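Here's the structure, in structure tokens; my notes come after.
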Amino acid sequence: MTLSFDDIQKSESQHVLQTYRRQPVAFVRGKGPRLYDVDGREYLDFVSGIGVASLGHAHPGLAAVIADQAGTLLHTSNLYFHPFQAEAAGRLSALSGLARVFFCNSGTEANEACLKFARRHWHTQGATDRVGFVAVEHAFGGRTMGALSVTYDEHYRAPFGPLLGPVTFVNPDSPDALAAAVTDRTAAIIAEPIRGEGGIRPLPRAFSDAIMDICRKTGTLLIADEVQTGLGRTGYPFYSQAIGWEPDLISVGKALGSGVPVGAALVSEKVAATISTGDHGSTYGGNLLATRAAAFFLEQLMDHGLLAHVKTVGDHLERRLRTLALKHPVIRDVRGAGLMRGVDLRIDAAPVIDQARLQGLLVNRTSETVVRLLPPLTIDAADIDAGIDVLDAVLMTVATEVPA
């Protein structure tokens, strides 16, 4: 028996904790860059599970390895060895240049691990008061207590204080403010090369350069939060590489498992040397299913031309969006890289999101005025064109709402 949308919504309202404001649609099937709802209606997916469905939906190769692993062995815990952690870790090290990997279950957990490892690094060296963090305005690190502490938006933070501290948030338009914020008690700077939840905002070049300069001069560790930007999303393995960073730690998640929950903290040899057995752990982290899925995704990214594909279609997406901006005065700015793009509007983006969904295109609102586009890394130019054509039509309907 197939449940109707009303059945699903009613059941959720009775049994699921109401922490999400969901859109009025229920999906039951997907293929490539498309999703299908309970009524069989087709949607072009430019959200991809908030950047998670990196290989699209129901990728046959990924489905095959997941099915094979599920029928073989899912989980044994980190009390024992298995072959897939080393395979996935080796590929992550090759991409990042960082020697060690800690596997967890999400990008938020990866950020938690990075914060812990940064503090442990200084504790091991006897600098036990070097415990502070410097983060960036409009940053989003996650919703657990440590990751929330380096998340900027007060509406996420206020109900849950006191949080981890001390944390200083710096305006990225002010490199001088960064220099003033970093002291001999700062353990690490944590920053997204492009702030995703914060509105697809790349860091200004002067500020990103200042981060590396200050880290080199003071020894402060650099945590690159690449949960959204990493693993091919921008057309680079890591966007920190594109802006000249040499991070000590990198957090990844989202794209890594192509829908299977997995995250990882990538750690330099310098920091890894200060970590001891028992300093961190995870029961589920790095299980056979998750790391086999991660290894499969990384194989596609590294050995089958996916990075080059993202660069090509990402350039095409940028051209289409910039042409759209010339046509529609409601567009204030177009930002991002590769297949991580934000269209900043002069109005609230919510009506655009709703109208796009009604016309069969899924896009996401963030930072109130930004339409966020995160299509699967496997999307082709024809589907990009189809999606932008829908967005074009939707923007025509909201043009009269542009403030004078």
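So the values come out like this:
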| read-out | value |
| --- | --- |
| Output for the range 142-158, where each listed residue is in contact with a Gly (Cβ under 9 Å, 6 or more places away or on another chain) and not polar (S, T, N, Q) | GLY142, ALA147, LEU148, VAL150, TYR152, ASP153 |
| Residue list for the range 215-244, filter: surrounded by fewer than 20 Cβ atoms within 10 Å (Cβ to Cβ), assigned to a helix (DSSP H, G or I) and either in contact (Cβ under 8 Å) with a residue 24 or more places away in the chain or acidic (Asp, Glu) (or both) | THR218, ALA242 |
| Matching entry among SER106, SER96, SER77 (being assigned by TED's automatic domain parsing to the domain that holds LEU288 and touching a Leu at 6+ places or on another chain (Cβ under 7 Å)) | SER96 |
| Counted residues, the range 251-274 - those being farther than 30 Å from VAL47 by Cβ and either modelled with pLDDT under 95 or in contact with an Asp or Glu (Cβ under 6 Å, 6 or more places away or on another chain) (or both) | 2 |
| Flag for VAL28 being outside the structural domain of GLU226 (by TED's automatic domain parsing), closer than 24 Å to SER4 by Cα, at pLDDT 95 or above and not in a loop (DSSP other than H, G, I, E, B) | yes |
| Residues (in a loop (DSSP other than H, G, I, E, B), over 22 Å from the mean Cα position of the chain (by Cα) and either loosely packed, with under 15 Cβ neighbours inside 10 Å or among the aromatic types (Phe, Trp, Tyr) (or both)) located in the range 31-59 | ASP39, GLY40, ARG41 |
| Any hit, the range 230-239, residues being of a type in the set (Val, Ile, Thr) and closer than 20 Å to SER149 by Cα | no |
| Hits in the range 271-289 (condition: surrounded by fewer than 18 Cβ atoms within 10 Å (Cβ to Cβ), more than 22 Å from ALA118 (Cβ to Cβ) and among the polar types (S, T, N, Q)) | THR283 |
| Residues being assigned to a strand (DSSP E or B) and either surrounded by fewer than 24 Cβ atoms within 10 Å (Cβ to Cβ) or over 13 Å from the mean Cα position of the chain (by Cα) (or both) - total across the range 245-270 | 4 |
| Only one of LEU339, LEU324 that is over 15 Å from LEU391 (Cα atoms) and of a type outside the set (S, T, N, Q) | LEU339 |
| Some residue of the range 105-125 being at negative phi, hydrophobic (A, V, I, L, M, F, W, C) and in a strand (DSSP E or B) | no |
| Hey, ASN171 buried (at least 19 other Cβ atoms within 10 Å of the Cβ) and in contact (Cβ under 8 Å) with a residue 24 or more places away in the chain or not | no |
| Test: SER208 is touching a Leu at 6+ places or on another chain (Cβ under 9 Å) and on the phi < 0 side of the Ramachandran plot | no |
| Selection from the range 271-314 of residues that are of a type in the set (D, E, K, R) and not in a helix (DSSP H, G or I) | ASP279 |
| Any chance ARG143 is among the basic types (Lys, Arg), crowded, with 16+ Cβ neighbours inside 10 Å and either in contact with a strand residue (DSSP E or B) (Cβ under 9 Å, 6 or more places away or on another chain) or modelled with pLDDT of 95 or more (or both) | no |
| Tally of residues being among the aromatic types (Phe, Trp, Tyr) and either touching a residue at least 12 places away in the same chain (Cβ under 8 Å) or assigned to a helix (DSSP H, G or I) (or both) across the range 60-84 | 1 |
| Check on ARG91, in a helix (DSSP H, G or I), within 19 Å of PHE238 (Cα to Cα) and of a type in the set (D, E, K, R) | yes |
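Residues are listed down the side, and each one gets a yes or a no for (1) in contact (Cβ under 8 Å) with a residue 24 or more places away in the chain; (2) among the acidic types (Asp, Glu):
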| position | (1), (2) |
| --- | --- |
| ARG346 | yes, no |
| VAL352 | yes, no |
| GLN355 | yes, no |
| GLU368 | no, yes |
| ILE384 | yes, no |
| ASP392 | yes, yes |
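Rundown of residues vs (1) among the hydroxyl-bearing types (Ser, Thr, Tyr); (2) closer than 21 Å to ASP385 by Cβ; (3) surrounded by 16 or more Cβ atoms within 10 Å (Cβ to Cβ), yes/no style:
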residue: THR291; (1), (2), (3): yes, no, yes
residue: ASP303; (1), (2), (3): no, no, no
residue: VAL310; (1), (2), (3): no, yes, yes
residue: ASP315; (1), (2), (3): no, yes, no
residue: ARG335; (1), (2), (3): no, yes, yes
residue: ALA349; (1), (2), (3): no, no, yes
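The values are calculated or read from the model by the stated rules, or taken from the named source; none is laboratory data. These numbers come from a predicted model, not from an experiment. So basically every Cβ, Gly included, is an ideal-geometry build from the backbone, and we count neighbours across all protein chains shown.
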